[in-house]
Amino acid sequence: MYLLPAVVETRTLSVSAVHNYTHIAFKLSWSDPTQDVETPGGLDTFPDAVAIQFPVSMAQLPYICMGTVDNPVNVIYWKAGSGVENLVAGAGYGLSPQQREALGLQATPTATLERLPPEAQVVIAYSAYKGGKWEVIIVRPLGSTHPLMSSLARGFSAAFAVWDGSKGERGGLKSTSSWTQFQLEIPRAPPTTPPTTPPPTVETVTRIVETTPTWAWVIIGVLIAIIALLAGLAARGRR
């Protein structure tokens with residue numbers, strides 16, 4: 001038997017998100033004076049953990065405590081020392097064995113919270129503990145890869161939970177938030193400008209033309225005159 005802590009406390013979880021049109025990353029930060037990591041075979045030790053809960057259907061917000069049979073929730077659960085899982089809660093007892101097997105689940109549910117099949121395990125996490133503070137980044141597609149995985153549109157709701165392992169928190173013993181509304185910013189596409197026609201290329205061509213200098217023309221003229229004079233004298237001599 002484990003005694004539950006009698007102290008109720010308020011914790012602060014800082015959440016920021018960024019997306020690139022195909023995937024969204026959540027950065028989760030919270031203070032925790034002890035780093036509690038799951039160890040194989042550890043007895044009476046509980047890891048620190050954090051979770052993000054999304055409605056499977058955005059038509060109506062589900063019950064905050066892990067949904068209902070008619071309105072399930074998709075839960076991304078990170079646990080220190082063992083990584084991240086993509087889960088579903090609330091849907092287990094509202095489906096027939098045939099429906100469950102068609103969705104890749106066990107024919108008979110064994111727990112309220114169930115692991116989604118491999119095609120839905122498309123979430124990754126990065127974590128760091130420093131200076132009494134956890135920072136966990138969880139990345140998932142904006143779209144869905146399974147009918148029980150939430151598809152995040154421009155606007156969606158999410159709720160958060162944090163477990164402090166040093167205080168014996170596990171399962172339903174945790175700190176939780178209410179539903180929080182997120183609105184994704186989609187930047188406007190830059191204005192389309194028509195392509196500009198480059199100005200015509202002006203090519204300057206320099207041609208070098210060889211010319212005869214003036215003094216050469218004078219010499220040529222003198223020579224022509226001498227030749228003409230000699231020709232005239234020769235003609236007179238033959239007479």
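Only the coordinates and a few stated rules stand behind these numbers; no lab work does. None of the values given here were measured: they were computed from a predicted structure. Cβ atoms come from the backbone with ideal geometry, glycine included; neighbour counts cover every protein chain shown.
Between Ser178 and Thr45, what is 0.36 nm times their sequence separation minus the Cα-Cα distance? Round to one decimal in nm.
Residue separation times 0.36 nm, minus the Cα-Cα distance, leaves 45.1 nm.
Averaging the sequence gap over all C-alpha pairs within less than 8 Å and six or more residues apart, then dividing by the number of residues, gives the range 1-144 a relative contact order of 24 percent.
Kindly state, to the nearest 0.05, the FRET efficiency for Ser151 paired with Glu101, given R0 = 22 Å and r defined as their beta-carbon distance.
Values: r = 23 Å, r/R0 = 1.04.
After rounding, the FRET efficiency stands at 0.45.
Listed by Cβ neighbour count within 10 Å, with the fewest neighbours leading, Ile137, Ile76 appear as Ile137, Ile76.
Other residues lying with their Cβ under 15 Å from the Cβ of Val139 contribute a combined charge of 0, Lys and Arg counting +1, Asp and Glu -1. Subtracting the Cα-Cα distance of Ala128 and Glu9 from their residue separation scaled by 0.36 nm leaves 40.5 nm. When the P(r) of the range 13-183 is calculated, the portion above 28 Å amounts to 21% of the C-alpha pairs. Here Tyr129, Tyr21 are placed in order of increasing Cβ neighbour count within 10 Å, fewest first, which gives Tyr21, Tyr129.
In a shell of Cβ-Cβ distance under 10 Å around Trp163, excluding Trp163 itself, what net charge do Lys and Arg (+1) and Asp and Glu (-1) give?
Residues near Trp163 contribute -1 overall.
Within the same chain, lysines fewer than 8 places from Lys167 are excluded, and of the rest, those with a Cα less than 18 Å from its Cα are Lys79, Lys133. Roughly speaking, what is the centre-to-centre gap between the range 88-109 and the range 13-33 when only Cα atoms are used, to the nearest Å? If we compute the Cα centre of each part, the gap is 30 Å.
Counted by neighbouring Cβ atoms within 10 Å, the residues Glu119, Glu114, Glu135 run from fewest to most as Glu119, Glu135, Glu114.
Near Ile76, once Lys and Arg are set to +1 and Asp and Glu to -1 for all other residues with Cβ below 13 Å from its Cβ, the sum equals +2.
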